[in-house]
Amino acid sequence: NTNKCNQFVYDVMVEASVSTLPVVSKYIVLSRPPTAGEWATPSVAIKGWEVVTDPKPGDVVAEAHNYADATGHVGIVVGEKLTISASALVGGTIVQNDWGFRKDNKPTFRRATA
């Protein structure tokens with residue numbers, strides 16, 4: 001019953017056997033998948049993932065927002081101006097659309113470095 005777009009992105013990477021799974025520190029010895037807001041903030045270090053300006057399929061796209069129940073939204077680039085993401089607006093279903101490439105979007109794109 002909460003927004004989990006970041007978990008969707010992480011789960012897709014696990015299924016695709018991505019060699020460098022994205023994590024951020026949680027306490028000293030634990031880690032967790034990045035939130036949408038962390039993906040969207042270029043100054044947040046996500047080991048194995050660099051900020052890029054030329055989005056390609058497989059890149060992560062994210063925007064930070066101050067929602068009551070989320071830090072923003074995150075998805076995966078799958079084609080020319082096309083992304084997939086878990087949508088809270090459509091009952092948590094997976095949607096494919098142009099989110100992240102619309103003229104009012106100000107996204108951050110990241111790409112795996114390994």
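The values are calculated or read from the model by the stated rules, or taken from the named source; none is laboratory data. The model shown is predicted, which means the values in this text are computed figures rather than measured ones. Cβ coordinates were reconstructed from backbone atoms using ideal geometry, including for glycine residues, and neighbour counts include every protein chain displayed. When the accessible area is computed, the model is the full protein with side chains, heavy atoms only, and any ligands, DNA or RNA have been set aside. Shrake-Rupley method; radii C 1.70, N 1.55, O 1.52, S 1.80 Å.
Tally Lys/Arg at +1 and Asp/Glu at -1 over every other residue whose Cβ is under 11 Å from the Cβ of PRO34; what's the total?
Charge balance near PRO34 sits at +3.
Please compute the contact order of the stretch 74-114 in relative form: average sequence separation of alpha-carbon pairs under 8 Å and at least six residues apart, divided by the residue count, as a percent.
The value is 26 percent.
Going by amide H atoms built from the backbone, whose H comes under 5 Å of the H on THR35, apart from near neighbours?
Under 5 Å from the amide H of THR35 lies no amide H from a residue far enough along the sequence or on another chain.
Could you grab the Rg to Rh ratio for the stretch 45-88? Cα atoms only, Kirkwood for Rh.
0.99
Starting from the Cα coordinates of the stretch 1-56, work out the convex hull volume and express it per residue in Å³.
Given the Cα convex hull of the stretch 1-56, per-residue volume reads 115 Å³.
What do you get for Rg/Rh over the chain if you use C-alpha atoms and the Kirkwood form of Rh?
With Rh from the inverse mean 1/r over Cα pairs, Rg/Rh is 0.93.
Accessible area per residue of the stretch 26-109 at 1.4 Å probe, in Å²?
Solvent-accessible surface per residue comes out at 60 Å².
With θ set to phi - 60° and the Karplus curve 6.51 cos²θ - 1.76 cosθ + 1.60, what are the ³J(HN,Hα) couplings of the stretch 50-62 in order, to the nearest whole Hz, using x for Gly and Pro?
Values per residue, Gly and Pro as x: 10, 6, 10, 10, 10, x, 9, x, x, 6, 9, 10, 8 Hz.
So who's got an amide H within less than 5 Å of the one on LYS47, skipping anything under 5 residues away but keeping other chains? H placed 1.01 Å off N, in plane.
Answer set, sorted by chain and number: VAL23.
Please compute the net charge surrounding ARG111, taking Lys and Arg as +1 and Asp and Glu as -1 over other residues with Cβ under 10 Å from its Cβ.
-1
Give the lysines reachable from LYS106 as a straight Cα distance under 21 Å; neighbours fewer than 8 places away on the same chain don't count.
Correct list for LYS106: LYS4, LYS56, LYS81.
Give me the percent of the accessible area of the chain that comes from carbon and sulfur atoms, probe 1.4 Å, all protein chains in place.
54
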